[in-house]
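The values are calculated or read from the model by the stated rules, or taken from the named source; none is laboratory data. Note that the coordinates shown come from a computational prediction; the quantities given were computed from them, not determined experimentally. Quick reminder, even Gly has a Cβ in these numbers, built from the backbone with ideal geometry, and neighbours come from all protein chains shown. The accessibility values were calculated without ligands, DNA or RNA, using every heavy atom of the protein model including side chains. Shrake-Rupley method; radii C 1.70, N 1.55, O 1.52, S 1.80 Å.
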Amino acid sequence: MCHQTVSLAARHLEANGIPTVIMGSAKDIVEHCGVPRFLFSDFPLGNSAGRPFDVPSQTETLELALLVLERAPAARTTVQSPLRWSEDAAWKRDYNDLTKLSPEKIAERRKEFEVVKAVAKAKRVGS
């Protein structure tokens, strides 16, 4: 689900007395929507709950989100996660820049993505 949709849903829930905290990685969109509480992770899109397959980072992210929910001092509070995607910030420059990838590398990444989607689908169907 996109950051804007989640943000608008959170605003609706908050207006009806249900507290929320958004965990996201698209700071500009979420803050523009004016959500009450936001945990920003400076990670690539789709990784708002921590690094893939990294349970400690996912646990830390959830714990921080619950702290934000509990302790936000005012409306429109944004807290930035201390976690980093990597030590080298070059990923931001290179993220989704297909001009830096060969056609073979693009095909390889597409294949990897299809595998991940198939695993997720199988888990969803098996639930």
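Hey, what D do you get for region 75-127 in µm²/s if you plug the Kirkwood alpha-carbon radius into Stokes-Einstein at 25 °C and 0.890 mPa s?
169 µm²/s
According to the Kirkwood expression over distinct Cα-Cα pairs, how big is the hydrodynamic radius of region 21-96, in Å?
That comes to 12.7 Å for region 21-96.
Express in nm, to one decimal, how much length is gained between residue 54 and residue 107 on full extension, taking 0.36 nm for each residue of separation and deducting their alpha carbon distance.
Details: separation 53, 0.36 × 53 = 19.08 nm, distance 2.54 nm.
Once the chain is fully extended between residue 54 and residue 107, it gains 16.5 nm.
Calculate how steeply helix 103-126 sits against the longest principal axis of the alpha-carbon atoms of the chain, using the helix alpha-carbon long axis, and give the answer as 0 to 90 degrees to the nearest 10.
With both axes taken from Cα atoms, the answer is about 50 degrees.
Excluding residues fewer than 8 places away in the same chain, name every one of the lysines whose C-alpha is closer than 17 Å to that of residue 105.
Filter leaves no residues.
For residue 23, which sequence-distant residues (separation of 5 or more, or a different chain) have an amide H within less than 5 Å of its own amide H, given hydrogens modelled in the peptide plane?
39
Please return the longest range in the chain lying between exposed loop sites, taking chymotrypsin sites (Phe, Trp or Tyr not before Pro), DSSP loop only, at most 13 other beta-carbon atoms within 10 Å, and leaving the sites out.
Here the longest run is 1-52.
May I ask for the net charge around residue 11, where only other residues with Cβ less than 15 Å from the Cβ of residue 11 are counted and Lys, Arg are +1 while Asp, Glu are -1?
Details: positive: 37, 76; negative: 14, 31.
In short, 0.
Around residue 85, under 11 Å between beta carbons, what's the net of Lys plus Arg minus Asp minus Glu among the other residues?
-1
About the Cα centre, and with charges only on the beta carbon of Lys, Arg (+1) and Asp, Glu (-1), how big is the dipole of region 46-114? Nearest 20 debye, please. Walk me through the numbers before you get to the answer.
Values: 11 positive and 12 negative charges, 55 e Å.
Dipole about the Cα centre, nearest 20: 260 debye.
Based on alpha-carbon positions alone, could you give the equivalent ellipsoid semi-axes of the chain from the gyration tensor, as √(5λ), descending, whole Å?
So the three semi-axes of the chain are 29, 18, 15 Å.
Give the aspartates and glutamates reachable from residue 27 as a straight Cα distance under 13 Å; neighbours fewer than 8 places away on the same chain don't count.
Within reach: 42.
Please report, in debye to the nearest 20, how large the charge dipole of the chain is about its Cα centre when each Lys and Arg carries +1 at its beta carbon and each Asp and Glu carries -1 there.
360 debye
Work from the charge dipole of the chain (Cβ charges, +1 for Lys and Arg, -1 for Asp and Glu, about the Cα centre) and give the residue of 5, 82, 35 farthest towards its positive end.
The Cα lying farthest towards the positive end belongs to 5.
Ignoring trypsin sites (Lys or Arg not before Pro) that are buried or in helix or strand per DSSP, and keeping those with at most 16 other beta carbon atoms within 10 Å, what is the longest stretch of the chain between them?
1-75
For the chain, give the percent of accessible area contributed by carbon and sulfur heavy atoms, probe 1.4 Å, rounded to a whole number.
Ligands and nucleic acids excluded, carbon and sulfur reach 58 percent.
With a probe of 1.4 Å, find how much accessible area region 57-127 has per residue, and write the answer as a whole number in Å².
82 Å²
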